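The values are calculated or read from the model by the stated rules, or taken from the named source; none is laboratory data. Nothing here was measured: the structure is a model prediction, and the numbers come from that model. Every residue, glycine among them, receives a Cβ derived from its backbone with ideal geometry; neighbour counts consider all protein chains shown. Accessible surface is based on the protein model in full, side chains and every heavy atom, while ligands, DNA and RNA are left aside. Shrake-Rupley method; radii C 1.70, N 1.55, O 1.52, S 1.80 Å.
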Amino acid sequence: MSSLSRRRLLGSAALVAAAPSLPRPAIAQAAPVRIGLILPMTGPFASTGRQIDAAVRTWLRMNGESHGGRRLEVLLRDDTGVAPDTTRRLAQELVVRERVNVLAGFGLTPLALSTAPVATEARVPMVVMAAGTSIIVQRSPFILRTSFTLPQQTMPIADWAASNGITSCATMVTDYAPGHDSEAAFKRRFTERGGQIPLELRTPLRNPDYAPFLQRVRDARVQALFVFVPSGEGANVMKQFDERGLAQAGIRLIGTGDLTDDDILNEMGDPAIGVITSHFYSAAHDSPENREYVAAFRQIAPNMRPNFMSVGGFDGMRLIAEGLRGTDGNTDGQRLVDAMRGKSWMSPRGPITIDANTRDIVQDVYIRRVERRDGQLWNIEFDRIPQVRDPGT
Ligand code: PHB
């Protein structure tokens, strides 16, 4: 049924309801709005899928299922996180067979990039809840992002390093698009501020062994090492950093908050204490919205601590609901995208805006230090850079 005829039906039903003397025809229920949620629920990046899935369910529990007069229905698909063709095929099936009104999820950049043409062709909004390479939002006018971008998260730690006595720093990033974005942003800002980068390392995305790379960092006698690795990998880096004795050699570990991911921070133990990162979300963020979110998330997923990926999923649901409210439940793709642009609200992470022009997220970035409190490790925020936009777009 077209949205126009659906509106007509609803309109005449309202008239009938207002005239009780007329016989009442069956009133058509507006069909649910279908959200095709594609996540890595298995494979090496399953923690991202688990986190976002739990956050989506948390959002529905906290806010109800009905928005803009329509019920939200989520269709979850596992793309295993490593095969862009699989993600694209699942998106096509969701659009063609399941007639979803919105695509959402996308745990890694290559998976979001491969799906962008499906969103464009089908004119279906695509809400990127996880992936963080700058270019993604430019790949389709139907893409909006509720996660983050690597340059947005990296610039503040480069500034922090330059302002805190670090003059020589090696970089180690995962060798794919978000790592390249992060490396370029760190290099640009840190060297602009007078810092030197004598060693730039790229580690493989699949089955990385960080030990030989960290040995080279140790031999380079730098003051610090900047790291970007995708969510889930931080504990391996931390273990090798410790075992290779880099801290004893006087090398400080800094990075984006992907490194000290709340999902696995507690497993990292003492070697993580004192690590400084910049990022948009900490489970320890001190606000009423975050306390409410963490408590509700824990009811849905008692054995998990919400991480930054989860918040991308939580806010992604809010964005879809805001869009539907803006269109009065109309699911025309262009109208939905237009209704979602420019929206602002208070997220568990702090205030956010979906930029009306770029469709990308603008948010506060925090500088955090890992500390032990009440027997657990937390990213404790101690500085805030307000409303950072992606410097790459
Ligand atoms: C990405 O592939 O864009 C990505 C994945 C995990 C992260 C950051 C970026 O932690």
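Values for this structure:
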item	result
Single match in 325, 298 (criterion: basic (Lys, Arg), free of Cβ contacts under 8 Å to residues at least 40 places away in the same chain, more than 24 Å from residue 152 (Cα to Cα) and in the same structural domain as residue 72 (by TED's automatic domain parsing))	298
Residue list for segment 49-77, filter: of a type in the set (A, V, I, L, M, F, W, C) and assigned to a helix (DSSP H, G or I)	52, 54, 55, 56, 59, 60, 62
Residue 311 vs. criteria surrounded by 22 or more Cβ atoms within 10 Å (Cβ to Cβ), of a type in the set (A, V, I, L, M) and not assigned by TED's automatic domain parsing to the domain that holds residue 139	no
Residue ID - least open to solvent (accessible area, probe 1.4 Å), chosen from residues in segment 342-351 that are free of Cβ contacts under 8 Å to residues at least 60 places away in the same chain and in a strand (DSSP E or B)	347
Residue that is farthest from the ligand (Cβ to nearest atom) [pool: residues in segment 242-267 that are open to solvent by 20 Å² or more (accessible area, probe 1.4 Å) and not in a loop (DSSP other than H, G, I, E, B)]	243
Which numbered condition residue 303 misses (of (1) farther than 22 Å from residue 47 by Cβ; (2) open to solvent by 50 Å² or more (accessible area, probe 1.4 Å); (3) part of a loop (DSSP other than H, G, I, E, B))	(1)
Segment 288-300: number of residues that are of a type in the set (A, V, I, L, M) and open to solvent by 70 Å² or more (accessible area, probe 1.4 Å)	0
Cβ pairs under 7 Å, 6+ apart, first in segment 228-251 and of a type in the set (Lys, Arg), second away from the ligand (no atom under 16 Å from the Cβ)	244/211; 244/214; 244/215; 244/218
Unique match (being within 28 Å of the chain's Cα centre (by Cα), more than 16 Å from the ligand (Cβ to nearest atom) and closer than 17 Å to residue 275 by Cα) among 187, 239	239
Single residue of 311, 294 found to be away from the ligand (no atom under 16 Å from the Cβ) and either part of a helix (DSSP H, G or I) or modelled with pLDDT of 95 or more (or both)	294
Top-ranked residue in segment 93-141 [being among the polar types (S, T, N, Q) and more than 14 Å from the ligand (Cβ to nearest atom); ranked as most open to solvent (accessible area, probe 1.4 Å)]	138
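Results for (1) small (Gly, Ala, Ser); (2) in a helix (DSSP H, G or I); (3) assigned by TED's automatic domain parsing to the domain that holds residue 30, shown as yes or no for each residue.
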residue: 82; (1), (2), (3): no, no, yes
residue: 91; (1), (2), (3): yes, yes, yes
residue: 107; (1), (2), (3): yes, no, yes
residue: 136; (1), (2), (3): no, yes, yes
